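Here's the structure we're looking at; comments come further down.
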Amino acid sequence: MDLFEYADQQTPDERERYEELCRVVRHNNELYYAKATPEITDAEYDRLYREIEEIETRHPEYRTAESPTQRVGNDLAEGFAKIKHPVPMLSIDDVFEHMPANGQESDEELVDFYERLCQALDDPSPHVVVEPKIDGCAVTLMYRNGKLAYAATRGDGSVGDDITANVRTIRSVPQQLPAGAPKTLEVRGEIYMPLAEFGALNAQRDAEGLPAFANPRNATAGTIKLLDSAEVARRPLRFLAHGMGAYDGETLRNMDDYERLLTSMQIPYNKPVLHAHNLEELRAAAKKMDTLRRGLGFGTDGAVVKLNDFARRDALGATARAPRWAAAFKYLPEQKETTLLGITVQVGRTGVLTPVAQLSPVFISGSTVSRATLHNQDEIARKDIRIGDTVLIEKAGEIIPSVVKVIEAKRPSDAIPYQLTDAVGGVCPSCGAPIAQEEGQVAWRCTNFACPAQAVTRTTYFCSRTALDIENLGGVVAEALVNTGMIHTPLDLFVLTQTELGALNLGTADEPRRFGEKNAAKAIDSLEKARSLPLERWITAFGIPSIGSVTAREVAKYHRDMQELANSSYLCTLVELEDAIARYNKLNPGSPANKGKDKTVLEEKRAELLRNIRQISEPYAARGYLATEPEGKNGLHLVNPIGTVSCRKLKAYLDSAAGQHVLTTLQRLGINPVSDCYAENRMTGVQGPLTGLCFVLTGSLSVPRDEMERRIAAAGGKSVASITKKTNYLVAGNGGGSKREKAAALGIPIIDEATLLRMIQSPNTP
Ligand code: IVH
């Protein structure tokens with residue numbers, strides 16, 4: 001959510017916005033495909049993706065091969081053998097349904113797609129098919145001489161994970177084809193979990209105290225990547241075919257031939273397949289599919305439109321990302337009317353007060369909904385939402401539904417307007433501390449860092465997988481720990497003993513339920529392990545607004561450890577530079593705001609500011625830490641790897657009483673997390689005698705360590721905090737015991753300062 005809140009803000013600089021969007025989308029691709037734990041809804045994802053496409057249309061020069069629009073998602077995971085796909089597994093380009101507005105039809109994008117097909121094929125009415133788009137996980141099944149040779153995930157499109165053992169447990173996947181099978185038949189399709197089975201699985205997990213899956217797709221993605229096939233066999237997975245990869249057999253002319261082949265091979269094909277022979281038939285089929293898909297018993301996220309004729313498909317070919325002969329039509333989310341019974345206020349993990357709509361229950365997109373988020377007071381005011389109103393709500397295949405609008409014609413005369421601050425009396429509903437609105441932000445926040453509502457959410461987040469991954473410390477336990485006063489903030493966890501934790505009562509006074517020694521032992525064990533988790537995980541765990549795991553990693557690239565972050569001159573410099581650059585750009589004599597002002601004076605001031613900017617950035621620029629881009633139309637621009645907003649928020653947090661408290665507590669606990677990705681910072685640009693070499697410094701040197709690192713970087717080398725196999729040299733001054741031992745153990749050469757300086761002067765090794 002933090003990243004998303006950020007994504008919602010208007011950043012004046014499009015380049016920066018573009019890069020941030022790419023980062024967010026890449027991060028969410030990873031969460032979605034590889035980890036099966038998405039943080040944003042599909043609709044939010046689509047919005048971000050669309051914005052990237054829009055910016056790329058305006059600025060094609062931004063687009064690189066790394067852009068999310070140029071790649072398929074990547075689901076590769078550790079623990080699986082890799083399989084090279086004989087034919088790439090591509091994605092499909094989306095076309096969206098829209099609300100019909102001023103003369104525009106809702107299926108305009110679909111019509112455009114068909115018209116592009118017509119043009120490319122020089123045919124006014126190409127034959128296409130329309131199928132449900134199964135919301136599952138792409139898989140490929142390779143049959144050689146009728147035998148299932150392997151099953152693999154899409155991976156990065158060219159290499160996938162070998163999930164054969166898991167797929168063999170799925171009953172709808174034949175292991176052996178009947179007689180007459182083609183020599184090679186690679187069936188592409190989708191693994192999914194039917195809705196009813198998904199509901200039962202979640203109910204069972206709930207009963208066993210296991211976390212529920214957010215949706216069937218997540219459950220599927222999580223299951224096919226299990227390393228224990230016996231467990232996979234217990235999960236209700238199914239398979240349906242929707243495409244073809246490699247093939248060696250009798251010629252297939254079109255979809256009918258392919259369906260016939262699969263039927264005779266007893267491989268289930270995704271149905272229904274609607275045929276359309278012209279634009280009008282296509283539009284009707286797309287409409288019909290929206291109704292049909294609801295009765296299929298599994299989740300769909302649209303319809304797929306494909307050319308029927310295989311030779312024509314080949315003729316059109318594909319881009320690096322998707323075939324030109326297919327499109328995924330994404331329907332507008334389902335909407336329903338219901339009554340707004342009341343509004344409650346929830347205090348989130350960062351202390352944000354979120355108004356929540358209490359609704360008269362309605363059944364929508366497969367589940368009963370009785371709550372919806374109202375986001376914030378601005379949203380309530382903008383949509384003029386009043387208690388008692390009839391509201392239109394929608395669920396876009398995601399977990400949390402939202403209120404689209406009020407049906408004003410149905411407003412009762414006694415509907416009550418709502419004002420969040422009044423409703424809570426200006427204080428946090430959880431702890432009674434004053435609430436405040438940050439500058440330029442719409443959200444109201446509880447000002448009390450030790451607010452119990454935040455303590456529970458902060459602790460749960462702190463222990464979550466993205467953060468420090470503490471076993472057995474989910475929401476229920478965190479709540480009991482906070483309610484019993486055993487902890488007030490997440491860091492209090494580190495002083496709990498196994499006995500104390502084991503005795504924790506998760507039940508009631510009448511019906512006590514002990515947490516138990518065994519669970520406690522596991523929790524304590526992962527807390528111990530968390531002490532040495534990398535810096536980026538710890539920064540994430542703080543739960544600072546707008547600093548999610550992606551930004552945290554970026555921060556960790558420029559700080560060796562928590563100590564260095566606590567005293568970071570880099571953050572200060574970034575903020576200082578941005579301010580100076582803003583002032584510099586404002587003084588541009590060409591800008592309309594400066595019309596009539598004395599040009600020489602402006603230029604003089606600018607020259608002075610520029611000197612100042614160069615002076616501040618020089619030591620960092622030498623290390624490749626930052627760059628001010630050549631002055632363009634919009635003036636000077638700082639390439640800030642952490643991002644303007646995140647950078648300021650992080651600094652504000654570290655400077656705040658809360659942040660200071662956390663930092664001193666960490667010190668007291670003897671926890672100083674070390675960065676895992678320091679070596680990945682932008683120090684790579686410089687070419688010199690040390691290019692490609694990685695150094696660790698230890699002991700006292702003749703110049704401050706900072707200075708020595710600067711010299712190494714200026715010569716093209718890298719210096720990192722701790723010794724790994726990748727380290728080339730340990731530079732040891734006086735002292736420096738443990739690092740020497742470690743280097744010796746790994747066979748890493750230990751050199752002295754004089755040798756290092758000689759290396760810098762000449763490219764020869766010592
Ligand atoms: S055809 C070259 N048909 O959606 C890709 N794909 O978002 C042609 N999918 O990777 C694929 N239902 O895994 C096709 N009826 C269907 C589908 C379908 C779901 C998946 C497929 C694809 C993804 C793209």
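Here Asp94, Asp75 are screened, and the one residue that is within 26 Å of Ala285 (Cβ to Cβ) and either modelled with pLDDT of 85 or more or not aliphatic (A, V, I, L, M) (or both) is Asp94. In the range 108-129, the residue that is surrounded by the most Cβ atoms within 10 Å (Cβ to Cβ) out of those that are within 16 Å of the ligand (Cβ to nearest atom) and more than 31 Å from the chain's Cα centre (by Cα) is Val128.
Considering the range 428-455, and only residues there that are free of Cβ contacts under 8 Å to residues at least 60 places away in the same chain and assigned to a helix (DSSP H, G or I), the residue that is surrounded by the fewest Cβ atoms within 10 Å (Cβ to Cβ) turns out to be Pro452. The number of residues in the range 205-251 being surrounded by 18 or more Cβ atoms within 10 Å (Cβ to Cβ), of a type in the set (S, T, N, Q), in contact (Cβ under 8 Å) with a residue 60 or more places away in the chain and touching a Lys or Arg at 6+ places or on another chain (Cβ under 9 Å) comes to 1. Taking the criterion of being farther than 21 Å from Leu31 by Cα, in a helix (DSSP H, G or I) and not hydrophobic (A, V, I, L, M, F, W, C), the residues of the range 519-552 that qualify are Asn519, Lys522, Asp525, Ser526, Glu528, Lys529. Checking each residue in the range 553-586 for being touching a strand residue (DSSP E or B) at 6+ places or on another chain (Cβ under 8 Å) and assigned to a loop (DSSP other than H, G, I, E, B) picks out only Arg560. Of all residues in the range 699-719, those satisfying the criterion of being outside any loop (DSSP other than H, G, I, E, B), over 11 Å from Leu756 (Cβ atoms) and not acidic (Asp, Glu) are Ser700, Arg705, Arg710, Ala713, Ala714, Lys718. Of everything listed in (1) without any contact (Cβ under 8 Å) to a residue 60 or more places away in the chain; (2) within 11 Å of the ligand (Cβ to nearest atom); (3) out of contact with any Phe, Trp or Tyr (no Cβ under 7 Å at 6 or more places or on another chain), the single unmet condition for Arg321 is (1).
When Lys306 is tested against (1) near the ligand (Cβ under 10 Å from one of its atoms); (2) within 30 Å of Val404 (Cα to Cα); (3) charged (D, E, K, R), just one condition goes unmet, and that condition is (2).
Could you please let me know if Ser172 is of a type outside the set (Val, Ile, Thr), touching a residue at least 12 places away in the same chain (Cβ under 8 Å) and within 16 Å of the ligand (Cβ to nearest atom)?
yes
Every condition in (1) closer than 27 Å to Ile83 by Cα; (2) touching a Pro at 6+ places or on another chain (Cβ under 9 Å); (3) assigned to a strand (DSSP E or B) is met by Ala328 except one, and the failing one is (2). Against the condition within 13 Å of the ligand (Cβ to nearest atom) and not hydroxyl-bearing (Ser, Thr, Tyr), how does Asp301 come out, does it pass? So Asp301 passes the test. Only one entry in Ser360, Ser430, Ser402, Ser367 is within 26 Å of the chain's Cα centre (by Cα), of a type in the set (Ser, Thr, Tyr) and within 16 Å of Thr344 (Cα to Cα), namely Ser402.
Looking only at residues of the range 73-87 that are crowded, with 17+ Cβ neighbours inside 10 Å and closer than 21 Å to Lys306 by Cβ, we find that the one that is nearest to the ligand (Cβ to nearest atom) is Gly73. Take the conditions (1) more than 27 Å from the chain's Cα centre (by Cα); (2) of a type in the set (D, E, K, R); (3) more than 16 Å from the ligand (Cβ to nearest atom); (4) under 30 Å from Thr368 (Cβ atoms); Arg235 misses just one of them, which is (1). Within the range 42-72, restricting attention to residues that are more than 16 Å from the ligand (Cβ to nearest atom) and among the hydroxyl-bearing types (Ser, Thr, Tyr), which residue is nearest to Leu332 (Cα to Cα)? This residue is Thr57. If the condition is being of a type in the set (A, V, I, L, M) and more than 16 Å from the ligand (Cβ to nearest atom), then the range 196-231 contributes Ala196, Ala200, Leu201, Ala203, Ala207, Leu210, Ala212, Ala214, Ala219, Leu226, Leu227, Ala230.
When Pro361, Pro355 are screened for being of a type outside the set (Ser, Thr, Tyr), more than 14 Å from the ligand (Cβ to nearest atom) and under 30 Å from Gly543 (Cα atoms), only Pro355 passes. Taken as a whole, the condition of being free of Cβ contacts under 8 Å to residues at least 60 places away in the same chain, within 16 Å of the ligand (Cβ to nearest atom) and not polar (S, T, N, Q) does not apply to Ala179. Looking at Gln335, Gln346, Gln358 in this structure, which one is in a strand (DSSP E or B), at pLDDT 90 or above and polar (S, T, N, Q)? Criteria check complete, one pass: Gln358.
Residues of the range 88-107 that are more than 16 Å from the ligand (Cβ to nearest atom) and within 28 Å of Arg15 (Cα to Cα): His98 alone. Considering Asn254, Asn270, the condition of being polar (S, T, N, Q), within 30 Å of Arg168 (Cα to Cα) and within 13 Å of the ligand (Cβ to nearest atom) is satisfied by Asn270 alone.
For the range 130-169, the set of residues classified as more than 15 Å from the ligand (Cβ to nearest atom), free of Cβ contacts under 8 Å to residues at least 24 places away in the same chain and of a type in the set (A, V, I, L, M, F, W, C) consists of Ala149 only.
Which members of the range 182-194 meet the condition of being more than 13 Å from the ligand (Cβ to nearest atom) and either in contact with a Ser or Thr (Cβ under 9 Å, 6 or more places away or on another chain) or at positive phi (or both)?
Met193
Residue by residue, here is whether (1) at pLDDT below 95; (2) aromatic (Phe, Trp, Tyr); (3) closer than 23 Å to Leu316 by Cα holds:
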| position | (1), (2), (3) |
| --- | --- |
| Glu115 | no, no, yes |
| Val128 | no, no, yes |
| Ile163 | no, no, no |
| Ser172 | yes, no, no |
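The values are calculated or read from the model by the stated rules, or taken from the named source; none is laboratory data. On a predicted model such as this, the values are computed, not experimentally measured, just so you know. Neighbour counts run over all protein chains shown; Cβ positions are idealised from the backbone, glycine included.
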